[in-house]
Amino acid sequence: MTSPLELAANAFTAAAILLAGRNNVHTWWTGIVGCTLFGVLFAQNRLYADVVLQMFFVGTGVLGWWRWLHGNNGAPLPITHAGWRSLAWMIPAGIAATAAYGALLHFYTNAYAPFIDSAVLVFSVIAQLLMMQRRIENWPVWLLVNTIAVPLYYSRGLHLTAFLYLCFWVNAIVSWVWWTRLARRERAGT
């Protein structure tokens, strides 16, 4: 049975993800609430990397909110591409960090699926950093995260959360296309 905590966490997080995909600044405060609730839920389910991730999301939510509104010399931050040089170091760093944090969880905690949980953490951090900068490439990274997270959450009996992350997977594709169009419009000045 789905708990009220899981329902509330999913509701706020769903709102935040949909708002992010629509390039709406209200994504940040709804995300802060949803992540706080998810942090408690994941702690109850011994998904410790996800607890740390939710704490990261709360902190970066405040910074992301400010950056989207004022990050371009006081003006709203435009949507841009990250560039291949940035991505060329982020991906290998993400793999190495996943292995290192997964090993820590494996050897020093009773974490469930420590390496898979670690991959969700590390690549969510990368996606969040890209999103805070309004980089289009945040969406393919979110696709990877959601692909990993759906079976992980389902295996822990968090069926509503697994379904939500499946919806996030679809949203990431739609949002990737939408942000690409918005960036083209901004560059064209229309």
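The values are calculated or read from the model by the stated rules, or taken from the named source; none is laboratory data. Since this is a predicted model, take the numbers as computed values, not measurements. Every residue, glycine as well, gets a Cβ built from its backbone with ideal geometry; the counts of neighbours run over all protein chains shown. Side chains are part of the model used for accessible areas, which takes the heavy atoms of the whole protein and leaves out ligands, DNA and RNA. Shrake-Rupley method; radii C 1.70, N 1.55, O 1.52, S 1.80 Å.
Residues in the stretch 112-120 include at least one that is open to solvent by 10 Å² or more (accessible area, probe 1.4 Å), more than 22 Å from Trp169 (Cβ to Cβ), in contact (Cβ under 8 Å) with a residue 12 or more places away in the chain and assigned to a helix (DSSP H, G or I).
Taking the numbered list (1) touching a residue at least 40 places away in the same chain (Cβ under 8 Å); (2) more than 19 Å from the chain's Cα centre (by Cα) in turn, Ser124 passes all entries but (2).
Taken over the stretch 156-184, the residue count meeting the criterion of being open to solvent by 70 Å² or more (accessible area, probe 1.4 Å) and either of a type in the set (Phe, Trp, Tyr) or not in a helix (DSSP H, G or I) (or both) is 4.
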